[in-house]
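For reference, the structure is listed below as structure tokens.
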Amino acid sequence: MSRAIYHKGLTIEYDSKEPLLLIEGQRMGVFFSGGQYQSLEYPAIKAKNLEELAMRIIEHSPEFERRDAVRKEHVAILKKGVAHWNLWRRENPHIRPTLYDLDFRKAGLDMDLSDINFCNADLRNANLDNAILVQANFHETNLGAAKLRGANLQKANFCRTDLYCTDLSNADLTGANLQGTQLSRTKFAGATLIGCTIYGLSAWDLDMGGAIQKDLNIIYRDIKDDSATSGEAKFTNLFVDDIQVAQFIYLLLNNQNFRNVIEVVTSKAVLILGRFTDKRKKTLDAIREELRRRNFVPILFDFEKPANRDLTETVSILAKLSRFVIADLTDAKSIPQELSQIIPFMPNLPVIPIILKGRREYAMFEHWRPYPWVLPVYEYENEVHLISTLPTSIIEPAEEKLLEIREK
């Protein structure tokens, strides 16, 4: 599925390959004919792409006018001020406020909305830039793709709030409650996140450029703690300064299975570098299978595509998690660049270069020979010879070198 987009207060998800179209999670019958997409439910509606088709379906659906009318009613109530709005919310807790696509400033609304109750509201695509929302309640609110740039959100409650693609650039979230919040593609560039509570949130692909993060509090109760049944539950405060690593730290400290996975990876992982051409892939797969058979965790990385910064950084991360590296220099292209990011900077990581007999090493490899953690290049005659000698000519020398490094 592609990422979600919003239109008229509804969520659209689509995949042109199948084709597949979902509106608010409901699958729509679609097909491609005559260069256009069509809908089974609305056969008269056609469009060149699924996004446009979904928008037209929404605007022509029977309930669109009804939802738009409800939205106008709720905006009218909001214009009467925060006190009136909150009273209406208390008297009508069953109603979900419909405020999608609302530009608060253009609508002439008061931008000081401190203490307002937006609990469970639909604020998708809303514009609240520079609004004052101190102690505002956004509990279980959908703020997908909303704009809150430069907003004052001190002590605001975002518990279980949907902040998918929400723009909170330069916003002040000091003391905000972010427990259980869905953060995905959320923009926090230049934002202030100090003293926020963050237990249970999910964080994916965030923009944290220039954000101030400090004293983020993971308040949690140990799952082994059975005192809660007696009303005396004990909670722990765990402070971190990075919202994206908070989940990792919590799992590392409080999940034995997760710790076991980390231990297995760091003690048994072997990174295999090579080219994924038709001729080379078969050999690399054979190495992987043999390592797996010997209780290692092989990580095979594809360098058929040109190396770039992201690939290089990924390889560096994988190398740091590995016990040793096997680098097949046969027909090397991107591998020299990757080894240049591994060998000089990881003195505790044995690197075992291998090459098919009769092939020439790339010239740059001469620079890596003096490093003591780089073993001599092992030449193999063919795949069968390589696998049969893997234990004595590759694994054992790598383990011996690792032991030598650790004893120093």
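Does E399 count as of a type in the set (D, E, K, R), closer than 22 Å to D285 by Cα and touching a Lys or Arg at 6+ places or on another chain (Cβ under 8 Å)? Don't jump to the end; show me each part of the working.
On the way: of a type in the set (D, E, K, R): yes; closer than 22 Å to D285 by Cα: yes; touching a Lys or Arg at 6+ places or on another chain (Cβ under 8 Å): no.
The answer is no for E399.
Is it the case that some residue within the stretch 149-168 is more than 21 Å from I243 (Cα to Cα), of a type in the set (D, E) and free of Cβ contacts under 8 Å to residues at least 60 places away in the same chain?
No, the stretch 149-168 contains no residue that is more than 21 Å from I243 (Cα to Cα), of a type in the set (D, E) and free of Cβ contacts under 8 Å to residues at least 60 places away in the same chain.
Please verify whether N130 is buried (at least 18 other Cβ atoms within 10 Å of the Cβ) and in a loop (DSSP other than H, G, I, E, B), treating the condition exactly as stated. Quick ask: steps written out before the conclusion?
Details: buried (at least 18 other Cβ atoms within 10 Å of the Cβ): no; in a loop (DSSP other than H, G, I, E, B): yes.
Here the answer is no, as N130 does not meet what is asked.
Filter the stretch 274-291 for residues that are among the hydrophobic types (A, V, I, L, M, F, W, C) and surrounded by 18 or more Cβ atoms within 10 Å (Cβ to Cβ); which is farthest from I354 (Cα to Cα)?
L291
Which condition number does Q36 fail, the rest of (1) of a type in the set (S, T, N, Q); (2) surrounded by 13 or more Cβ atoms within 10 Å (Cβ to Cβ); (3) assigned by TED's automatic domain parsing to the domain that holds A151 being met?
(3)
From G25, G9, grab the single residue that is surrounded by 11 or more Cβ atoms within 10 Å (Cβ to Cβ) and either within 19 Å of L143 (Cα to Cα) or in contact with a Gly (Cβ under 8 Å, 6 or more places away or on another chain) (or both).
Result: G9 is the single residue among G25, G9 that is surrounded by 11 or more Cβ atoms within 10 Å (Cβ to Cβ) and either within 19 Å of L143 (Cα to Cα) or in contact with a Gly (Cβ under 8 Å, 6 or more places away or on another chain) (or both).
Report, ordered by the first and then the second residue, all pairs with beta carbons closer than 6 Å, sequence separation of six or more or different chains, a first member in the stretch 359-382 that is touching a residue at least 40 places away in the same chain (Cβ under 8 Å), and a second member that is buried (at least 18 other Cβ atoms within 10 Å of the Cβ).
V377/P353; V377/I355
Inside the stretch 333-408, counting only helices (runs of 4 or more DSSP H) that do not spill past its ends, which hold 2 or more residues that are under 34 Å from the mean Cα position of the chain (by Cα)? Explain how you work it out, then say what you get.
Details: elements: 335-340, 383-390, 396-407.
Qualifying helices (runs of 4 or more DSSP H): 335-340.
A quick yes/no check of all residues on (1) among the polar types (S, T, N, Q); (2) farther than 25 Å from H139 by Cβ; (3) in contact with a helix residue (DSSP H, G or I) (Cβ under 9 Å, 6 or more places away or on another chain):
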position	(1), (2), (3)
L20	no, yes, yes
F31	no, yes, no
Q36	yes, yes, yes
I58	no, yes, yes
R71	no, no, no
V82	no, no, no
W88	no, no, yes
E91	no, no, no
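Out of curiosity, is F104 in contact with a Leu (Cβ under 7 Å, 6 or more places away or on another chain) and surrounded by 15 or more Cβ atoms within 10 Å (Cβ to Cβ)?
Values: in contact with a Leu (Cβ under 7 Å, 6 or more places away or on another chain): yes; surrounded by 15 or more Cβ atoms within 10 Å (Cβ to Cβ): yes.
So F104 fits the description; yes.
When only residues in the stretch 316-332 that are touching a strand residue (DSSP E or B) at 6+ places or on another chain (Cβ under 6 Å) and in a helix (DSSP H, G or I) count, which is surrounded by the most Cβ atoms within 10 Å (Cβ to Cβ)?
Among those residues, the one meeting the criterion is A319.
The values are calculated or read from the model by the stated rules, or taken from the named source; none is laboratory data. Note that the coordinates shown come from a computational prediction; the quantities given were computed from them, not determined experimentally. Neighbour counts run over all protein chains shown; Cβ positions are idealised from the backbone, glycine included.
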